Amino acid sequence: MIWNTYKSWIRSYRDLPLLINQWANVVRWEMRTRLFLRTAEFLWQEGHTAHATSAEAMEEARRMLDVYSTFSEEWMAMPVIKGIKTANERFAGAVETFCIEALMQDGKAIQAGTSHFLGQNFAKAFDVTFANKENNTEYVWASSWGVSTRLIGALIMAHSDDKGLVLPPKIAPVQVVIVPIYKNEELRIAINEKAIAIKDELKAHGIIVKYDEDERQTPGWKFAEYELKGVPLRMGIGPRDLESQTVELARRDDLTKSTVSMQGLPQLILNLLDEIQTSLYNKALSFRDANITTVETFDEFKKVLDENGGFISAHWDGTSETEIKIKEETKATIRCIPLDNPLQEGKCIYSGRKSMQRVLFAQAY
RNA sequence: CGGGGUGUAGUACAGUUGGCAGUAUGCCUGCUUUGGGAGCAGGAGGCCGCAGGUUCGAGUCCUGCCACCCCGACCA
């Protein structure tokens with residue numbers, strides 16, 4: 001559809017570049033679905049662009065890969081490896097497929113986003129041409145890219161623990177929840193007043209805060225509930241706090257608690273939220289890096305896959321044949337050839353043939 | 001589509017050789033509680049997936065059907 005439209009819209013170089021983005025609900029037949037990761041119906045964003053030159057289209061594909069990786073890392077606190085897909089894993093019709101790969105806590109990899117340099121393949125297939133400055137007819141150069149609600153699944157699996165969801169502050173729908181603790185009606189009113197004042201103060205500083213004054217649940221119940229829901233920061237205000245002009249802050253990421261003064265709360269909390277965001281990212285990054293194993297032999301490869309999982313950095317002879325055989329024997333695929341991959345001569349772990357670089361293998365979602 | 005499993009209270013499950021339908025949790029009422037999913041007492045709640053069959057008697061045994069879950073092949 002996009003390309004049929006392109007055909008009617010594009011006449012000359014003055015029409016280029018053409019950048020289209022659409023959000024679409026997609027329905028696909030799936031043999032087997034997986035919650036969030038592979039659902040029969042899902043929402044995605046797809047971009048399609050047409051350019052006058054190859055370099056421009058390539059630049060666009062790379063730019064979007066950066067947009068996706070920045071979002072993953074800085075907002076979702078989920079480190080990703082930017083890379084190129086092998087011919088085998090490449091999107092049909094693409095000249096080059098780029099991807100961002102993340103590692104989940106169970107040791108399996110997930111593709112979090114992808115962008116493609118399509119060359120002139122689609123232009124030729126749909127006959128989309130333009131007149132260049134010299135009035136010569138040329139096929140347009142294209143890129144496409146997308147992410148989907150699969151990111152939600154990745155987010156959940158990247159950070160959550162046995163107590164439930166853990167959300168990075170920058171995308172948490174509620175960043176701070178205030179839980180009042182009281183023994184009688186008189187205290188309830190006093191604490192209520194204080195809590196509302198604090199809530200308003202935090203709100204004025206742009207913090208997304210919820211005050212849970214529901215009287216039907218005990219504080220303990222609320223503590224557990226908000227942990228389950230992944231609220232980054234919980235603030236408890238009770239009689240003792242009222243007495244000493246303090247509040248109790250509990251971090252969701254490391255489950256630590258501290259008692260702090262009511263003075264200067266907004267700035268303290270803004271700092272804490274930043275710290276949680278950074279800490280979540282660093283924790284995921286350490287985990288990821290600790291689970292990239294370099295191997296030299298296929299036996300080692302299988303052992304690591306079996307006992308540890310994660311990414312495996314190994315030499316590969318560059319053939320689809322070898323890649324497919326490894327997949328058949330181990331279910332592991334080449335997730336990507338990292339963009340900044342150093343060239344290094346070696347021997348393919350499977351065929352023993354000459355290899356120019358290591359690539360990243362993993363079992364993937 | 002192939003292989004495996006499960007259907008019993010709102011939810012999660014137990015139910016022996018065929019013999020009164022159970023436990024936990026949740027729910028309702030009351031009192032005491034409230035700084036980590038409160039305690040005690042009392043109470044309500046069931047087409048045992050559906051349809052047949054065997055039997056004096058079926059949650060339990062037999063036959064057929066239906067639904068859901070897991071694994072595999074497909075895929076982002």
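No lab work stands behind these numbers, since they all come straight from the coordinates. Everything numeric here is computed off the predicted structure, so don't read it as measured data. Cβ: placed from backbone, ideal geometry, glycine included. Neighbour counts: every protein chain shown.
Filter the GluC sites (Glu not before Pro) in the range A:81-135 down to the DSSP loop ones having no more than 11 other Cβ atoms within 10 Å, then list what survives.
On the way: sites: A:Glu89, A:Glu96, A:Glu101, A:Glu134; in loops: A:Glu89, A:Glu134.
Passing sites in the range A:81-135 are A:Glu134.
Can you give me the Rg/Rh ratio for chain A, using Cα atoms for both radii and the Kirkwood formula for Rh? It would help to have the intermediate numbers written out before the result.
On the way: Rg = 25.7 Å, Rh = 23.6 Å.
Across chain A, the Cα-based Rg/Rh ratio is 1.09.
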Next on the checklist: With only alpha-carbon atoms in the gyration tensor, what are the semi-axes of the equivalent ellipsoid for the range A:1-58, in Å, largest first?
Outcome noted: 32, 12, 9
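I want the antiparallel fraction of DSSP beta bridges within chain A, as a percent rounded to 5. Provide the component values of the computation, followed by the final result.
Values: 60 of 73 bridges.
Close to 80 percent.
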Checklist entry - How large are Rg and Dmax for the range A:197-246 when only the alpha carbon atoms are used, in Å? => result 12.0, 30
Next on the checklist: Under 8 Å for C-alpha pairs, at least 6 residues apart: give me the relative contact order for the range A:1-97, rounded to a whole percent.
Outcome noted: 19 percent
Checklist entry - In the Gaussian network model of chain A, springs joining C-alpha atoms below 10 Å, which of A:Val26, A:Val231, A:Val176 carries the largest mean-square fluctuation? => result A:Val26
Next on the checklist: So for the range A:292-362, considering every pair of alpha-carbon atoms, how many percent are separated by more than 21 Å?
Outcome noted: 13 percent
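Can you work out D for the range A:2-159 in µm² s⁻¹ from Stokes-Einstein, where Rh is the Kirkwood radius over C-alpha pairs, the temperature is 20 °C and the viscosity is 1.002 mPa s?
Working: Rh = 16.6 Å.
Result for D is 129 µm²/s.
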Checklist outcome for this item: Summing -39500 (n - 2.57) over every DSSP H run of at least 4 residues in chain A and dividing by its residue count gives a helix-only mean residue ellipticity at 222 nm, to the nearest 500 deg cm²/dmol, of -10500 deg cm²/dmol
Checklist outcome for this item: Distance in nm between A:Asp106 and A:Ala204 label points, each 7 Å along Cα→Cβ, equals 4.8 nm
Checklist outcome for this item: For the range A:113-199, listing trypsin sites (Lys or Arg not before Pro) in a DSSP loop whose Cβ sees at most 16 other Cβ atoms within 10 Å gives A:Lys133, A:Lys163, A:Lys183
Checklist entry - Are there trypsin sites (Lys or Arg not before Pro) in the range A:1-47 that DSSP marks as loop and that have at most 10 other Cβ atoms within 10 Å, and which are they? => result A:Arg28, A:Arg32
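Could you list, in their original order, any pairs among A:Lys85/A:Lys163; A:Lys108/A:Lys222; A:Lys283/A:Lys303; A:Lys85/A:Lys354 whose Cα atoms are separated by more than 29 Å? Walk me through the numbers on the way to the answer.
Details: A:Lys85/A:Lys163 36 Å; A:Lys108/A:Lys222 33 Å; A:Lys283/A:Lys303 25 Å; A:Lys85/A:Lys354 20 Å.
Exceeds cut-off: A:Lys85/A:Lys163; A:Lys108/A:Lys222.
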Next on the checklist: What percent of all Cα-Cα pairs in the range A:232-343 falls into each 5 Å bin, going from 0 up to the bin containing the maximum distance?
Outcome noted: 2, 9, 15, 14, 10, 7, 7, 7, 7, 7, 6, 5, 3, 1, 0
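What value in Å³ per residue do you get for the convex hull of the alpha-carbon atoms in the range A:83-138? Don't skip to the answer; put the middle values down first.
On the way: hull volume 5.4 nm³, N = 56.
In the range A:83-138, the Cα convex hull volume per residue is 97 Å³.
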Checklist entry - So what's the gap between the Cα centers of the range A:77-109 and the range A:302-338, to the nearest angstrom? => result 13 Å
Checklist entry - How are the C-alpha pair distances of the range A:169-274 spread across 5 Å bins, as whole percents from the shortest bin up? => result 2, 12, 26, 27, 21, 9, 2, 0
Checklist entry - Using a Gaussian network for chain A with springs between C-alpha atoms less than 10 Å apart, which of these wobbles most: A:Val166, A:Val27, A:Val95? => result A:Val27
Checklist outcome for this item: So, with points 7 Å from each Cα along the Cβ direction, the A:Trp3-A:Gln357 label distance in nm works out to 2.8 nm
Checklist entry - What is the log10 of I(q)/I(0) for the range A:110-196, computed with the Debye formula using one identical point scatterer on each Cα and no solvent, at q = 0.12, 0.18, 0.21 Å⁻¹? => result -0.69, -0.91, -1.01
